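Coordinate-derived values only; no laboratory data. These numbers come from a predicted model, not from an experiment. Quick reminder, even Gly has a Cβ in these numbers, built from the backbone with ideal geometry, and neighbours come from all protein chains shown.
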């Protein structure tokens, strides 16, 4: 079934279309969410919430504003970040096993593993180092612009400008 037709049926609350879109995008969404929450069970839970939220707000999607994948990806990313900022999530992380932290240390700076989850490694790697740093922090690690500013020790205005310019450059590379 053509993607536009599938999305249209999804917006009309067709359960079969929901299932097909879930099957198409589930792994990618899970990868993005997992890279932020670092727990498969929580990632699965958040992913289900994301698809329910997309289902309930399907009419807010507009093809004129962007691709469906990007729309649902933003919902997933925001939901994962919201989850990590919740009190329950923070409390659940207080007594973690040391293995959790070893895993974070081994993978936190490895953009290759993180971008593989959504298949854009080859595009992101074509960007300048300064762009990779900003995109990694904001989109793959779930940092706020303020947190990225502090981590990279640069003004928040620079982070915002660099983010906008780097995303524009990434969009140009992807659409070639």
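Being over 10 Å from residue 75 (Cα atoms) and under 15 Å from the mean Cα position of the chain (by Cα) is the filter here; which residues of segment 47-62 pass it? Steps first, please.
From segment 47-62, those over 10 Å from residue 75 (Cα atoms) are 48, 52, 55-62; that's our starting set.
Passing the criteria: only 48.
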Identify all residues within segment 36-53 that are surrounded by 12 or more Cβ atoms within 10 Å (Cβ to Cβ), without any contact (Cβ under 8 Å) to a residue 40 or more places away in the chain and outside any loop (DSSP other than H, G, I, E, B); write none if there are none. 43, 44, 45, 46, 47, 48, 49, 50, 51, 53
Residues that are free of Cβ contacts under 8 Å to residues at least 12 places away in the same chain and over 14 Å from residue 68 (Cβ atoms), drawn from segment 1-22: 12, 14, 15, 16, 19
